[in-house]
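*Asks:* Have a look at this one before I ask anything.
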Amino acid sequence: MLTYDSFNRKTYDSAHVPQSPYGCDVHTHTLESRHAYSTIGECVAAAKAAGLELLGSTDHYSSMLYPDPANDQQFLRFYQYFINFHMWPRIWDGVRVMRGVEADIVDLDGHLFGWDIILTQGITGRAFKRPQSMKDRLWLGIDYAIASIHNGDFTHGATLAQTTNMYLRALEDPKVLIIGHPGRAGVPFDLDTVLLAAKERGKLIEINEHSFVPHYGSACVNTCRKIAERCAELGVMIAVSTDAHIACDVGRFDAVSALLEKIHFPHELIATRDAATFIDVVGKAIG
Ligand SMILES: [Zn+2]
Ligand SMILES: [Zn+2]
């Protein structure tokens with residue numbers, strides 16, 4: 001008997017890939033995220049097949065990947081994938097490839113994973129000229145970061161003012177461009193305050209295809225819809241992304257595109273609608 005998992009996947013046929021309604025997919029994962037299944041090359045090929053102009057690869061930068069080491073100085077070795085991005089072509093088989101990261105927000109001050117791990121040596125053991133945080137070291141070569149919450153335990157008992165401030169502080173990070181899937185994080189916050197802060201900084205709120213899989217339930221869908229509607233009302237730009245953890249999901253926006261159509265979301269507020277718009281947004285927000 002053929003059974004379906006919670007993602008309702010039945011078949012995939014690379015010869016009949018639906019064309020993406022948007023030019024960019026700026027939140028995707030490769031094998032480097034450990035619970036994802038494709039290489040960067042496979043994701044680029046999938047992006048091309050889906051008609052994307054731009055692919056953003058944003059692997060997890062999070063404590064969910066590796067156990068805490070006894071020796072912090074060895075920790076960089078787990079994450080060295082992020083320090084060699086200059087090997088990647090900027091244009092790969094006609095697809096513009098951007099180098100990103102999805103970083104966990106780890107506390108109510110809006111700090112991002114790795115901020116408190118101070119390194120004195122590189123992956124070979126050679127000493128740095130001056131100590132630096134692992135986050136800063138890894139982020140040297142990235143184009144933008146997505147700040148997301150995957151484990152909100154640290155917000156239990158927090159006030160709305162605290163969780164709102166958490167997102168505001170994360171947005172202050174010069175490389176954070178996108179608040180990742182706030183509708184799925186399960187952490188309440190003052191929506192208008194965070195949305196308007198993102199708008200003021202030219203940064204983006206994410207509407208994430210992956211939040212609409214049945215697994216997360218209708219409450220998650222309703223929250224995502226509410227966020228999208230408020231972005232439309234306040235004139236806040238959004239990033240639409242798949243959060244693909246396997247190449248065949250790259251560029252597939254079935255649920256999000258249906259939602260945005262249903263609520264008549266203004267096209268001009270979709271920062272990922274084409275590559276030129278997204279690159280312009282990155283340039284202005286991050287430089
Ligand atoms: Zn995420
Ligand atoms: Zn993700």
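*Asks:* Can you give the Rg/Rh ratio of the chain, where Rg is from the C-alpha atoms and Rh is the Kirkwood radius?
*Replies:* On the way: Rg = 18.5 Å, Rh = 19.4 Å.
Across the chain, the Cα-based Rg/Rh ratio is 0.95.
*Asks:* Taking the Cα-to-Cβ direction at Glu32 and at Ala161 and moving 7 Å from each Cα, how far apart do the two end points lie in nm?
*Replies:* Inter-label distance under the simple model: 4.0 nm.
*Asks:* Beyond 31 Å between alpha-carbons counts as too far, so tell me which of Lys129/Lys175; Lys129/Lys203; Lys129/Lys199 fall in that bin. Mind showing how you got there, number by number?
*Replies:* Numbers: Lys129/Lys175 23 Å; Lys129/Lys203 33 Å; Lys129/Lys199 38 Å.
Long pairs (Cα-Cα over 31 Å): Lys129/Lys203; Lys129/Lys199.
*Asks:* Now for a separate question. Looking at the P(r) of segment 141-287, how many percent of alpha-carbon pairs lie beyond 22 Å?
*Replies:* Details: 3848 of 10731 pairs.
In whole percent, the long-distance tail amounts to 36.
*Asks:* Under the rule of at least 5 residues apart or a separate chain, name every residue whose amide H is placed under 5 Å from the amide H of Val176.
*Replies:* HN-HN under 5 Å from Val176: Ala145.
*Asks:* Let me ask another. What number, rounded to the nearest 500 deg cm²/dmol, is the helix-based mean residue ellipticity at 222 nm of the chain, given -39500 (n - 2.57) per DSSP H run of at least four residues and division by all its residues? Display every interim value, and only then the final one.
*Replies:* Working: 7 runs with 78 residues, N = 287.
Computed mean residue ellipticity for the chain: -8500 deg cm²/dmol.
*Asks:* So, in nm, how far is label Leu140 from label Ile263 when the simple model puts each one 7 Å beyond its Cα toward the Cβ?
*Replies:* So the two model labels end up 4.1 nm from each other.
*Asks:* Residues with amide H under 5 Å of Val26's amide H, sequence separation 5 or more or different chain, H placed in the peptide plane at 1.01 Å from N; which?
*Replies:* Here the answer is Gly56, Thr242, since their amide H atoms fall under 5 Å of that of Val26.
*Asks:* For Thr39 paired with Glu200, estimate the spin-label separation in nm (one decimal), with each label point 7 Å from Cα along the Cα-to-Cβ line.
*Replies:* So the label points at Thr39 and Glu200 sit 4.6 nm apart.
*Asks:* Here is a follow-up. Lysines within cross-link reach of Lys262: Cα-Cα under 20 Å, excluding same-chain residues under 8 positions apart?
*Replies:* Reachable lysines: Lys226.
*Asks:* For segment 90-187, would you read off the P(r) tail past 23 Å as a percentage of all alpha carbon pairs?
*Replies:* So the portion of pairs separated by more than 23 Å is 37 percent.
*Asks:* Under 16 Å from the Cα of Lys135, which aspartates and glutamates turn up, not counting those fewer than eight places away in the same chain?
*Replies:* The qualifying aspartates and glutamates are Asp59, Asp68, Asp72, Glu102, Asp104, Asp107, Asp109, Asp116, Asp143, Glu172, Asp173.
*Asks:* Among bridges DSSP assigns within the chain, what percent are antiparallel (round to 5)?
*Replies:* Working: 6 of 33 bridges.
Antiparallel bridges: around 20 percent, rounded to the nearest 5.
*Asks:* Obtain the radius of gyration and the Kirkwood radius of segment 223-280 from its C-alpha atoms and give Rg over Rh. Spell out each step's value before the answer.
*Replies:* Details: Rg = 11.8 Å, Rh = 12.1 Å.
In segment 223-280, Rg relative to Rh is 0.97.
*Asks:* Shifting gears a bit: From the backbone phi of segment 202-216, what are the Karplus-calculated ³J(HN,Hα) couplings (6.51 cos²θ - 1.76 cosθ + 1.60, θ = phi - 60°) in whole Hz, Gly and Pro given as x?
*Replies:* Once θ is set to phi - 60°, the couplings for segment 202-216 become x, 9, 10, 9, 8, 10, 10, 3, 5, 5, 9, 5, x, 3, 8 Hz.
*Asks:* Over 21 Å, how big is the tail of the calculated P(r) for segment 48-140, in percent of all Cα pairs? All intermediate terms of the calculation are to be shown ahead of the outcome.
*Replies:* Values: 1726 of 4278 pairs.
Cα-Cα pairs of segment 48-140 separated by over 21 Å account for 40 percent.
*Asks:* Below 8 Å, C-alpha to C-alpha, sequence gap of six or more: please give me the relative contact order for segment 21-285 in percent.
*Replies:* On the way: 527 pairs, mean separation 60.6, N = 265.
Relative CO of segment 21-285 lands at 23 percent.
*Asks:* So what are the ³J(HN,Hα) numbers for segment 127-143, from phi and the Karplus equation (6.51, -1.76, 1.60; θ = phi - 60°), rounded to whole Hz, Gly and Pro as x?
*Replies:* So the J values, rounded to whole Hz, are 6, 6, 4, 9, x, 8, 6, 4, 4, 4, 4, 6, 8, 4, x, 9, 7.
*Asks:* Which ³J(HN,Hα) values in Hz, rounded to whole numbers, follow from the phi angles of segment 79-89 under the Karplus curve 6.51 cos²θ - 1.76 cosθ + 1.60, where θ = phi - 60° and Gly and Pro get x?
*Replies:* 10, 5, 3, 7, 9, 10, 4, 5, 6, 6, x
Values in this text are rule-based calculations from the coordinates and carry no lab data. It should be emphasised that the depicted structure is a prediction, and the values quoted were computed from it without experimental measurement. Please note: Cβ atoms are built from the backbone with ideal geometry, for glycine as well, and neighbour counts cover all protein chains shown.
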